[in-house]
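Just below is one structure, and these are the notes that go with it.
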């Protein structure tokens, strides 16, 4: 289960990023709101994001810093059970031929020999398993040039090339996604008043 929080909250109070998820198998989704869009000027076309956290109501165009023609459209989703300050994300691919699949790390054992040494063979993206460490990435902010790189959470994992090399994330302002609103979570006191499911069917 995810709760949503406005990006402006974290822009004004970075300590809020360290708050733990409220329950087991839960986390926080971040949404850009009017205040954050004004502060960061997010409505500009091709806006380059220069800080974390990433937000979930827009896609990002991940632009390679070594090859200006190489880019991928992705959605960053925070990993369950982690603080936002951990900067851990699932990376969902958004282009039509990959849509719905998650970026997946290859393994060191899968490296192949080639004429100049060992070659990394990127793993094919596949359906997301939120508990698969090969589909979890730590996003590392490279200062002062505001570039980013991804590190696999799996000890022997190697991220796909577009994530392991340095890249710049640009907000896709044309993302057509139903607007997300702040969701504060379940009301535990009301929930406690509901009858147990077993009593409904007996």
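Every read-out reported here was derived from the displayed coordinates using simple, explicitly stated rules and does not represent laboratory data. Everything numeric here is computed off the predicted structure, so don't read it as measured data. Reconstructed Cβ throughout: ideal geometry from the backbone, glycine too, with neighbour counts over all protein chains shown.
Fraction of C-alpha pairs exceeding 21 angstrom in the chain: 57 percent, rounded to a whole number. If you sort the three axes of the alpha carbon gyration tensor as a ≥ b ≥ c, you get a/c of 1.5 or more for region 43-97 and a/b above b/c, which makes it prolate. Between residue 66 and residue 95, the contour length at 0.36 nm per residue exceeds the Cα-Cα span by 8.3 nm. Fewest neighbouring Cβ atoms within 10 Å first, the residues 55, 162, 137 line up as 162, 55, 137. Counted by neighbouring Cβ atoms within 10 Å, the residues 141, 170 run from fewest to most as 141, 170. Its DSSP H runs of at least 4 residues, each contributing -39,500 (n - 2.57), put the calculated 222 nm mean residue ellipticity of the chain at -2500 deg cm²/dmol, to the nearest 500.
Model label sites at residue 50 and residue 107, defined 7 Å from Cα along the beta-carbon direction, differ in position by 4.2 nm. By the count of neighbouring beta-carbon atoms within 10 Å, fewest first, 12, 107 end up ordered 12, 107. For region 58-164, the equivalent ellipsoid derived from the alpha-carbon gyration tensor has semi-axes of 21, 17, 15 Å in decreasing order.
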